[in-house]
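Everything on this sheet refers to the single structure shown next.
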Amino acid sequence: MAQVTPRTLSRILFEQLVDWIKQNYGDAEKIVEVGVGHRIDVAERISEALPRAEILVTDKDESWVRSRKTRRIRAVADDVLLPNLNVYRGASLVYSLNPPGEIVPALERLADRIGADLIVVPISDEQHELRKDKWQELVIRGRIIGWLVNKRV
C-alpha cells in the first residue's frame, strides 16, 4: 500500500471541501477566502465548481494581492482584524484555511456582521480551540475537514 504524504492528504481534504461547498453553496452569489496567503488553488477550484459565483480572496499582504488577480478570482488587500465590511457584503460563505488561531475570533465577528456562514480549516493542533457550542464539525467520509458556523439554520 502506498504511503499517503501530508501534502497528498492536504490536497484530498481540500478537494473534499470544494465538493462540499459546491453541494451546499451552489446558489451562492459570493464566496470569500480570508487570509489566502500564497495558496490560491482552493479558490480556483471553487471558481471552477461554481462559475456563477463571485470568488474573492483577501490577504493583508498588498503586494501579493496585486500579483494574484486572475480572470475569475478577485483579490483584495484587507486585514480581517480591521475589515472593510464593504468588501465582504453579499457573501454567503466566508472560509479560511489554516488560519492562525488568534484571528479566528475576528473571522467569527466578520461572518456574524455580514450574515455569512463561516468555515475554518484549522491547523491540526488548534482544532481543540473550535470545539464550542456554536461550531459544528464538518465531516466528510468519516474525516473532520473543518469547522462550520452556520447562519442559515
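What follows is calculated from the coordinates using simple rules that are stated; it is not laboratory data. These numbers come from a predicted model, not from an experiment. So basically every Cβ, Gly included, is an ideal-geometry build from the backbone, and we count neighbours across all protein chains shown.
Taken across region 35-49, residues that are touching a residue at least 40 places away in the same chain (Cβ under 8 Å), surrounded by 14 or more Cβ atoms within 10 Å (Cβ to Cβ) and touching a Pro at 6+ places or on another chain (Cβ under 6 Å) do occur, with at least one present. When Val87 is tested against the conditions (1) surrounded by fewer than 20 Cβ atoms within 10 Å (Cβ to Cβ); (2) more than 12 Å from Val32 (Cα to Cα), the lone failure is (2). Could you run through region 19-34 and say how many residues are farther than 16 Å from Val139 by Cβ and surrounded by 13 or more Cβ atoms within 10 Å (Cβ to Cβ)? Residues flagged as farther than 16 Å from Val139 by Cβ and surrounded by 13 or more Cβ atoms within 10 Å (Cβ to Cβ) within region 19-34 amount to 8. Looking only at region 39-58, residues that are touching a helix residue (DSSP H, G or I) at 6+ places or on another chain (Cβ under 8 Å), among the hydrophobic types (A, V, I, L, M, F, W, C) and not in a loop (DSSP other than H, G, I, E, B) come to 6 in all. Applying the criterion of being part of a loop (DSSP other than H, G, I, E, B) and among the basic types (Lys, Arg) to the residues of region 63-87, the residue that is farthest from the chain's Cα centre (by Cα) is Arg71.
Which residues, taken from region 21-57, are more than 16 Å from Arg11 (Cα to Cα), β-branched (Val, Ile, Thr) and touching an Asp or Glu at 6+ places or on another chain (Cβ under 7 Å)? Result: Val57, single match.
Among the criteria (1) touching a residue at least 24 places away in the same chain (Cβ under 8 Å); (2) out of contact with any strand residue (DSSP E or B) (no Cβ under 9 Å at 6 or more places or on another chain); (3) closer than 23 Å to Glu102 by Cα, the one Leu82 does not fulfil is (1).
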